[in-house]
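Shown next, in structure tokens, is the structure this report addresses.
Bear in mind that the values in this text are calculations on the coordinates, not laboratory data. Computed from a predicted model, the values in this text were never measured in an experiment. Cβ placement follows ideal geometry from the backbone for every residue including glycine, while neighbour counts extend to all protein chains displayed.
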Protein chains: 2
Amino acid sequence: MRIDSARSDQLQEWESELSAQYQRICQHELSLDLTRGKPSADQLHLSDGLDGILNGDYRAADGTDTRNYGGLEGLQCARELGADILQVPTEEVMAAGNSSLTLMYHAVLTGYLFGFAGNTPWREMKSPKFLCPVPGYDRHFSICEQLGIGMVNVPMTATGPDMDAVEEQIRGDSEIIGIWCVPKFSNPTGVTYDKETVDRLAQLGQFANPGFRIFWDNAYAIHDLEHQVNLPGIREATHENDTGDSVLQFASTSKVTHAGAGLAFVSASEANLASLKKQMQAMTIGPDKVNQLRHSRFFGEFTLLREHMQKHAQILNPKFECVQSQLEKAFADTDLGTWEEPKGGYFVSFNTRPGCAAAVIQLAADAGVKLTPAGATFPYGKDPEDRNIRIAPSFPPLEELDTAMSVFVLCVKLASVRKQLGML
Amino acid sequence: MRIDSARSDQLQEWESELSAQYQRICQHELSLDLTRGKPSADQLHLSDGLDGILNGDYRAADGTDTRNYGGLEGLQCARELGADILQVPTEEVMAAGNSSLTLMYHAVLTGYLFGFAGNTPWREMKSPKFLCPVPGYDRHFSICEQLGIGMVNVPMTATGPDMDAVEEQIRGDSEIIGIWCVPKFSNPTGVTYDKETVDRLAQLGQFANPGFRIFWDNAYAIHDLEHQVNLPGIREATHENDTGDSVLQFASTSKVTHAGAGLAFVSASEANLASLKKQMQAMTIGPDKVNQLRHSRFFGEFTLLREHMQKHAQILNPKFECVQSQLEKAFADTDLGTWEEPKGGYFVSFNTRPGCAAAVIQLAADAGVKLTPAGATFPYGKDPEDRNIRIAPSFPPLEELDTAMSVFVLCVKLASVRKQLGML
């Protein structure tokens, strides 16, 4: 099926065939959901040993009674776990509560209200802005939107953000004070940044506003599928470029143990951590150390964590294969869409022909298959070309996913044909 | 010992006697700590059944899989627990993470950045201010100080804040946009607000700035010692006065189960909760529901929680009695200081003669007894009369507390005499 070269009568014929198929599917009254980057119950079950693991012994190896107040930086053994995940020194890590999003929010708040490391608070600037590689993660964009921080789209490529565009923006605007990055198995494209991208990002601190910070949301640091993918270290790269203050790294165990009941981590230079801690100490006496101890006991050695992640991969692999195989079968030799084949993470990003994404999502919804709202992967919810759809295969059981993908594929075909016929 | 009526030679004699005693104590090289409002290990042990209580069953009664993402308002059964503690309807409660301080911070942030219920954000005012009943809780004051919100001292009385002073301030300044209250077993004075105070507080919303909010930090809602003390309901009082939006109530299980590993609660009107949720949803997907479920299972019925608190009281009672007995014995018929006799909570507040508190704290420190820093119970750390000292008897074992109180008493006497002699 190639839309661009199809004659009008061919398109008409396709439209009526596809419409008939679509009508039949609608009669099935499906109720399926591909919106949520949530672990499935099987995955969550892998960590059910967490509750009860302390066996009455609430003392950490360093003697801390985790049941009592104190310790803004988190428990030493939890910081070590974060350091293993992010591959950074333990003393540069804070271990926090159940959400890296919360840590990112507070980091943005620190920059906005008080400034990092003695730099001008962003709120005192005329028009502070973040660069947003698109498509990206909606919750990053929501933080900026809430605080009135501007957002400038830069395209994602197969190796990371378009670095020419990034550098050009920063050279042209001294009030660009941040960039959102999901450097490994990017949300939603699944791309892992290559060495050149990481190196060029590490050099930004040499000419950007001194308050500029890279928000390195390494949400899928250890979330590889079949093989381990290597992400070049941003810390090492910034150290080589003498820009160690320009980056803040984040990670969590949300998709490692229990989503929303795990640990979050931030890693940064001493100066950045000092700024962050100054803000956070007005807000909290410290994180839940009991849960930090649970996680530390549960994994013990980092090799156990790697083995644990392989069990996740065994559950996730068939789901990602299902998505790929359906897309491949339907669209391999067509001009109906493009997609990445991620080696890990939680999403598959699909680009329709221009102007079709919202229509696909609506058609799927009407057929009982929920997809992430159109535009969600762009700042302010506006996909300028109306092309991107984020598919989240992790949560539904495999059979449901397969059915949902059949509906998706049909909706893409139907919307594409209708668009070409001027029917949308 | 009465300083005011003592002749100079009598004071001299006391000074040399007390100095000699003090020198002897210093030789003991004590290392004791009365600073921390922390539960003791015995108290924490009461809740050691929390870890493992789920027994592999992570589903809440309403079917929620607590291991997965979602639910900004918290688990239904956790909200019910908060509603029981605060004696408010469940639908007006959000159950959150491990810290009510964090909830208060976010509530202040909501007022400051965005405004509650459509009112002007405080940051857009010329000089927004909170009323701070003093002495009070230093962490409340730190939130205001960090955000540059002004603070105006109002005196605490034996029935709550001096309401004449509160009303006068609010009538005289339309930019007073909040008041900090610890209404039951107030930190540090131990006072519980009486009905008249609660009623007058509830009326403030009738003439204060429409964005004015009472921050009702009910940290010791169920932390009675020998007998239950009744705090008149602020919610009922505001409803009677048609000022339901003027109050936000907070509570936590920090001094109920494990400090720093419990649950926090906020209760407010629908409009206030909507404002708070709007801010919080950019920051978090939701709280740790697994830990919420643990707490809900641990207590089950509210009567079990009451029984649990009685066990705390049995541990705390002898400690509060020790403090009272030492103070009584030393200062009953003197003019050296005044103090409250709290019926619950975590603190005993002692007022020295004017200008002596910092000296007492320094003398005690040099003798190996750590007290809360001078001024800590006042905004900006400035006790205008240098009188207030907060004693926290909960954490040390009884024998250590007794020793520490002996040192304290001696230091009060010595500092008082030296002050009168012009030696400070």
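Some values worked out for this structure:
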| read-out | value |
| --- | --- |
| Cα gyration tensor, the stretch B:224-267 - rounded (a/c under 1.5), prolate or oblate | oblate |
| Exposure proxy order (Cβ contacts within 10 Å, fewest to most) of B:Phe378, A:Phe302 | A:Phe302, B:Phe378 |
| Cross-link pairs beyond the 28 Å C-alpha cut-off, checked among B:Lys343/B:Lys413; A:Lys126/A:Lys277; B:Lys129/B:Lys255; A:Lys278/B:Lys413; A:Lys278/B:Lys311; A:Lys195/A:Lys343 | B:Lys129/B:Lys255; A:Lys278/B:Lys413; A:Lys278/B:Lys311 |
| Cross-link partners of A:Lys319 among aspartates and glutamates (Cα-Cα below 18 Å; sequence separation of 8 or more within a chain) | A:Asp33, A:Asp42, A:Asp224, A:Glu226, A:Glu328, A:Glu340, A:Glu341, A:Glu399, A:Glu400, A:Asp402 |
| Within the protein assembly as shown, helix-based [θ] at 222 nm, where runs of 4 or more DSSP H residues each add -39,500 (n - 2.57), nearest 500 | -12500 deg cm²/dmol |
| Pairwise label distance in nanometres, B:Asp366 with A:Glu399, each label 7 Å out on the Cα-Cβ vector | 8.1 |
| Relative contact order, percent, chain B [alpha-carbon distance under 8 Å, six or more residues apart] | 27 |
| Estimated dipole of chain A in Debye, rounded to 20 [Cβ of Lys and Arg +1, of Asp and Glu -1, Cα centre] | 840 |
| Amide H contacts under 5 Å for B:Leu231, placed H, 5+ residues apart | none |
| Which of A:His258, A:His308 has the fewest Cβ neighbours within 10 Å, and the rest in rising order | A:His308, A:His258 |
| Innermost chain B residue relative to the axis carrying B onto A, by Cβ distance in angstrom | B:Gly52, 2 |
| Inter-chain shielding of B:110-119 (mean C-beta neighbours from other protein chains, 10 Å cut-off) | 1 |
| Beta bridge orientation in the stretch A:175-276: antiparallel %, DSSP, nearest 5 | 40 |
| Number of partner chain Cβ atoms within 10 Å, mean per residue of A:285-293 | 6 |
| Options A:Ser269, A:Val108, A:Pro183, ranked by Cα towards positive dipole end of the stretch A:60-300, top entry (Cβ charges) | A:Val108 |
| Principal-axis tilt of helix A:163-172 within chain A, Cα atoms, nearest 10 degrees | 60 |
| The stretch A:216-328 shape via C-alpha gyration tensor axes, a/c threshold 1.5 | oblate |
| Inter-copy spacing of B:His45 label points, which lie 7 Å from Cα along Cα→Cβ, given in nm from shortest upward | 3.9 |
| Unit charges on C-beta of K, R, D, E only; dipole of the protein assembly as shown, Debye | 360 |
| Rounded if a/c under 1.5, otherwise prolate or oblate - chain A, Cα gyration tensor axes | oblate |
| Dipole of the stretch B:65-300, positive end: most advanced residue of B:Gly244, B:Val152, B:His295 [Cβ charges, Cα centre] | B:His295 |
| Qualifying aspartates and glutamates (Cα of each under 14 Å from Cα of B:Lys382; at least 8 residues distant if same chain) | B:Asp138, B:Glu145 |
| Nonlocal amide H pairs with B:Asp33, under 5 Å, H built at 1.01 Å | B:Lys370 |
| Pseudo-label separations to other copies for B:Tyr380 - Cα-to-Cβ vector, 7 Å, nm | 4.3 |
| For the stretch A:115-122, 3J(HN,Hα) per residue [Karplus equation, 6.51 cos²θ - 1.76 cosθ + 1.60, θ = phi - 60°, Hz, x = Gly/Pro] | x, 8, 6, x, 7, 4, x, 4 |
| Built amide H within the under 5 Å cut-off of B:Met151, gap 5+ | B:Phe130 |
| Computed E for A:Asp9/A:Asp164 - FRET, C-beta separation, R0 41 angstrom, nearest 0.05 | 0.40 |
| Antiparallel bridge percentage (DSSP; both residues within chain B; nearest 5) | 50 |
| C-alpha long axis of helix B:302-331 to longest principal axis of chain B, angle in ° | 20 |
| Cβ-vector label at 7 Å, B:Glu29, separations to other copies in nm | 8.2 |
| Within 10 Å of each Cβ in A:97-105, the average number of Cβ atoms from other chains | 5 |
| Rounded to whole Hz, the Karplus (6.51, -1.76, 1.60) HN-Hα couplings of the stretch B:245-254, x for glycine and proline | 7, 7, 9, 10, 9, 10, 7, 7, 9, 4 |
| Sequence of B:Ser100, A:Ser406 once ranked by neighbouring C-beta atoms within 10 Å, starting from the fewest | A:Ser406, B:Ser100 |
| Net length gained if the chain between B:Gln310 and B:Val229 were fully extended (0.36 nm per residue, minus Cα distance) | 27.9 nm |
| DSSP beta bridges in the protein assembly as shown [antiparallel fraction, %, rounded to 5] | 50 |
